[in-house]
Amino acid sequence: MQSGEPSRTALAAARHRAAHQVLEHGRIFADPLAVPILGEEADTISWEAEQHPSGRRMRVFIAVRTRFAEDALAAAVERGVRQLVVLGAGLDTYAYRGVMRERLRVFEVDRPATQAWKRQRLAEAAIPVPSRLTFAPVDFERETLAPGLDAAGFDPAQQTFFTWLGVVPYLTEEAVRSTLGFIASLPNGAHVVFDYSDPPDSLPPEMRAFHDRRAARVAELGERWINYFEADQLRARLTGLGFSTVEDLGPREIAARYFPNRVASIPEKGGHILRAATV
Ligand SMILES: C[S@@+](CC[C@H](N)C(=O)[O-])C[C@H]1O[C@@H](n2cnc3c(N)ncnc32)[C@H](O)[C@@H]1O
């Protein structure tokens, strides 16, 4: 990403969410603001998506990861969580339409240029910024999360839910370790949902080819995938940091939950969605 430019992968992810509303009618994940925040006509969105049929897999993955995160968030709110941090928020719309939003103080964390662009998109789409939301500009590679959240009024004593969708693959190991360490250190507990991929050399040929095409595409956008995890090693690291619950859905578990009639054709390795909690 050019310094000072908004994230182009944030735009790409938002396009996938909007296309899911138009083409699949939000079957996995319904978001009434996905199209408005993008500022493009539904016909244009579906035409673009149909020109690139290979994008369907990523579109479905993005719909699933968002649905999984928001279901886990809803369950945590029912158990008393009142603070949400959306890490690398891009054009995420939870704070503006999520079912639990009235019960949450929300912090959106992203690089300043992406936040400025998002605020412009919100204004142009006439989506009001709720008073319970605060934008916290933080670059995970240049600073740690704690001071940025502190300056935004985050209360570290509150049990907190973090979503971190579509961000970890772009970060250095050190930035991921430091952010997970901060989350795990919160004294009254924390939950986090993020997605990651198995290392490319562990993928079966068809998934490897898909991965390489997507990786080349995001690299063209100036935002490289540089971070992968082995599931067992990641689980051990999370446990070592103090996460007592780790729920890691690999491709087959994702299929079993969201597309049960397709499990047989799904490879073992690929994209994962993970929920971890210290309480
Ligand atoms: C692929 S987008 C995902 C956006 C959003 N979470 C979603 O699911 O639509 C990646 C996001 O991570 C943010 N990001 C990437 N590297 C970052 C960094 N070092 N510090 C802060 N945000 C970063 C980008 O600005 C962008 O908003």
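Within 10 Å, Cβ to Cβ, of residue 202, how many net charges do the neighbouring residues add up to if Lys/Arg are +1 and Asp/Glu are -1?
-2
Mind putting a number on the dipole of the chain about its Cα centre? Charges go on the C-beta only, +1 for Lys and Arg and -1 for Asp and Glu, and I need it in Debye to the nearest 20.
With only Lys, Arg, Asp and Glu charged at Cβ, the dipole is about 460 debye.
Would you mind calculating the relative contact order of segment 1-73 from Cα pairs under 8 angstrom and at least 6 residues apart, reporting the percent as a whole number?
Here the relative contact order equals 34 percent.
How high is the relative contact order of segment 13-149, in percent, with contacts defined as C-alpha pairs under 8 Å that are six or more residues apart?
Relative CO of segment 13-149 lands at 22 percent.
Once fully extended, how much extra length lies between residue 157 and residue 40, figured as 0.36 nm per residue of separation less the alpha-carbon to alpha-carbon distance?
Contour length minus the Cα-Cα distance gives 38.0 nm.
Amide H to amide H under 5 Å from residue 28: which residues, 5+ apart in sequence or cross-chain, H placed 1.01 Å off N in plane?
Those lying under 5 Å, H to H, from residue 28: there are none.
List the GluC sites (Glu not before Pro) within segment 1-53 that DSSP assigns to loop and that have no more than 11 neighbouring Cβ atoms inside 10 Å.
Filter output for segment 1-53: 41.
Arrange 269, 118 by Cβ neighbour counts within 10 Å, fewest through most, would you?
Ranking 269, 118 by Cβ neighbours within 10 Å, fewest first, gives 269, 118.
Across segment 266-279, in residue order, what do the Karplus-derived ³J(HN,Hα) couplings come to in whole Hz, using 6.51 cos²θ - 1.76 cosθ + 1.60 with θ = phi - 60° and x for Gly and Pro?
Working through the residues one at a time gives 9, x, 6, 9, x, x, 10, 10, 10, 10, 10, 9, 9, 10 Hz.
Specify the inter-centroid distance of segment 64-128 and segment 185-261, based on alpha-carbon positions, in whole Å.
21 Å
Sorted by average packing, counted as other Cβ atoms within 10 angstrom per residue and highest first, what order do 99-108, 227-236 take?
Per-residue Cβ counts within 10 Å, averaged per peptide and sorted highest first, yield 99-108, 227-236.
Find the relative contact order for segment 143-279 and round it to a whole percent, using C-alpha pairs within less than 8 Å whose residues are 6+ positions apart.
29 percent
Of the options 151, 165, 42, report the single residue whose Cα projects farthest towards the positive end of the charge dipole of the chain (beta-carbon charges: Lys, Arg +1; Asp, Glu -1).
Checking the options against the dipole of the chain, the answer is 42.
Subtracting the Cα-Cα distance from 0.36 nm times the residue separation, let me have the gained length for residue 99 to residue 132 in nm, one decimal.
Answer, rounded to one decimal: 10.5 nm.
Report, in order of residue number, the helices in the chain meeting two criteria: a C-alpha extent of 27 Å or more along the helix axis, and a mean Kyte-Doolittle hydropathy of at least 0.0; treat each whole DSSP H run as one helix.
What comes out of the filter, once short or polar helices are dropped, is 56-78.
From zero up to wherever the largest Cα-Cα distance of the chain sits, split into 10 Å bins and tell me the percent of pairs in each.
Using 10 Å bins, I get a P(r) of 6, 30, 39, 22, 3 for the chain.
Given R₀ = 22 Å, what would the calculated FRET efficiency be for residue 71 paired with residue 259, taking r from the Cβ atoms and rounding to 0.05?
The calculated FRET efficiency here is 0.90.
Any idea which of 222, 77, 255 is furthest toward the positive side of the dipole for the chain, if Lys and Arg beta-carbons carry +1 and Asp and Glu beta-carbons -1?
Highest projection toward the positive end goes to 77.
Each value in this text was obtained by applying a stated rule to the coordinates, not by laboratory testing. Everything numeric here is computed off the predicted structure, so don't read it as measured data. Positions of Cβ are backbone-derived with ideal geometry, glycine not excepted, and every protein chain shown enters the neighbour counts.
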